[in-house]
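Values in this text are rule-based calculations from the coordinates and carry no lab data. No experiment lies behind these values; they were computed from the predicted model shown. Cβ sites come from the backbone with ideal geometry, for glycine too, and all protein chains shown count toward neighbours.
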Amino acid sequence: MAFTHLDSGGNIAMADISGKPGTLRIATASGHITMQPESIMLLVQEALPKGNVLTTAKLAGILAAKNTANLIPLCHQLNLSWVDIAFDIGENRIDITATVKTKESTGIEMEALTAVSVAALTIYDMCKAVDKTMEIGGIRLVMKTGGKSENNMSCKPATSILVLSDSIAAGRDSDRSGEILRQGFEQAGCSVGEVKIIADDSDRISSVIDAWTSAGIELIVTTGGTGLGPRDVTVDTIVPKFSRRLPGIEQALFSWGQSKLKTAMLSRLAAGVIGSSLVICLPGSAGAVTDALEVLVPAVFHAYAMMKGEKH
């Protein structure tokens, strides 16, 4: 679904989703159409003048879902993976349910709602010759998954953020990356206990990480010190502490970063487990940590149920 906003000139504009990764998204919508019991009987018997009503309505709903962007001006054009429409026939009404799936960067609520609406309108059109009492109603979104809707997971890890930078620690530059991470994880529902800024020093890094892991901080995110410079010692200091390395997280971060900036291949980011803490080492740029939030939230929250031996 496309959310709109006002641009700098006060005009309505389509939401920019170019910075969002594609994920599996599912939406289900429902509605109903009421009619006379006699009309329901004719429909079931396929005795209406225009032929098989429900088959036609299903095809119309699927076609509508695929063409939602052509019907609603500010919706994004999405590549749908699957559309299904089901009908439940009662004594004097037909309940309609549409489920739509995609692997795109924005939700598909409008596609599901449009499918239900057009399916109901098609039933209305095909039955109107014999029934003038029909009413369409109850069209609503039943369920959606994927994207921000997954942030309702029960586990929201206690989080601390470590900013590694000689210049920021010395007061010559201001911190942007740590603040972006703090805001991102707080918006996802995490409690961010501390954002600490220190210089690129192995002993100091090791001391902070040891203190936080001993204190049971569930998620530790570092930013900075992942490059190739002589003072970039974050990964060299932290990785030997890992009891388990998490290459899937690393690969996802690398893949998403490099899809936007080719030089992202030069970053030595890392992810792993120290004790009961998940530690993720990110580059120091504001763009890199913004990209990382798009990849990590909410997917990384699944790690905590797995680490505790729970089902996931």
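Computed 3J(HN,Hα) for the range 236-244, one whole-Hz value per residue from the Karplus formula 6.51 cos²θ - 1.76 cosθ + 1.60 where θ = phi - 60°, is 4, 7, 8, 4, x, 7, 5, 8, 9, glycine and proline marked x.
How tilted is helix 109-127 with respect to the longest principal axis of the chain? Cα atoms for both, answer in degrees (0 to 90, nearest 10). For helix 109-127, the angle is close to 0 degrees.
The alpha carbon gyration tensor of the chain gives principal lengths a ≥ b ≥ c with a/c of 1.5 or higher and a/b greater than b/c, which makes the shape prolate.
Cα axis of helix 286-296 to longest principal axis of the chain: angle in degrees, 0 to 90, nearest 10? That works out to roughly 50 degrees. Label zone of Ile89 (point 7 Å out along Cα→Cβ, amide N under 20 Å): in the range 22-54 this covers 31-54.
With R₀ set to 35 Å, the beta-carbon distance separating Ser255 from Ser202 gives a calculated FRET efficiency near 0.75. What do you get for the angle between helix 53-66 and the principal long axis of the chain? Use alpha-carbon atoms, 0 to 90 degrees, nearest ten. So the inclination is approximately 30 degrees. In this structure, the amide hydrogen of Arg176, modeled 1.01 Å from its nitrogen in the peptide plane, lies closer than 5 angstrom to no residue at least 5 positions away or on a different chain.
From the square roots a ≥ b ≥ c of the eigenvalues of the alpha-carbon gyration tensor of the range 139-264, which class results: rounded (a/c under 1.5), prolate (a/b over b/c), or oblate? All intermediate terms of the calculation are to be shown ahead of the outcome.
Details: a/c = 1.80, a/b = 1.59, b/c = 1.13.
Because a/c hits 1.5 or more and a/b exceeds b/c, the range 139-264 counts as prolate.
Of all DSSP-defined beta bridges confined to the chain, some 70% are antiparallel rather than parallel. Given R₀ = 25 Å, what would the calculated FRET efficiency be for Met41 paired with Leu141, taking r from the Cβ atoms and rounding to 0.05? Using R0 = 25 Å, I get an efficiency of 0.20. Summarising the amide proton neighbourhood of Leu278: residues at separation of 5 or more, or on other chains, whose placed amide H is nearer than 5 Å comprise Leu219, Ile220. Which of these, Met110, Met143, Met41, has the largest mean-square fluctuation under a Gaussian network model of the chain (Cα springs below 10 Å)? Highest fluctuation among the options: Met41. Each of the trypsin sites (Lys or Arg not before Pro) that DSSP puts in a loop and that has at most 15 other Cβ atoms within 10 Å breaks the chain; the longest unbroken stretch is 232-307. From least to most packed, judged by other beta carbons within 10 angstrom and beginning with the fewest, Cys155, Cys75, Cys281 follow the order Cys155, Cys75, Cys281. Amide H contacts of Thr226: Gly284, each under 5 Å away and 5 or more positions distant or on a separate chain (H built 1.01 Å from N in the peptide plane; Pro and chain starts excluded).
What residue among Leu266, Leu54, Leu141 has the largest mean-square fluctuation in a Gaussian network model of the chain, using Cα springs under 10 Å? Top of the fluctuation ranking is Leu266. Listed values for the range 167-183 are Karplus-derived 3J(HN,Hα) couplings in whole Hz (6.51 cos²θ - 1.76 cosθ + 1.60, θ = phi - 60°), namely 6, 5, 4, 7, x, 7, 10, 9, 7, 10, 5, x, 5, 4, 5, 4, 4, and x replaces Gly and Pro.
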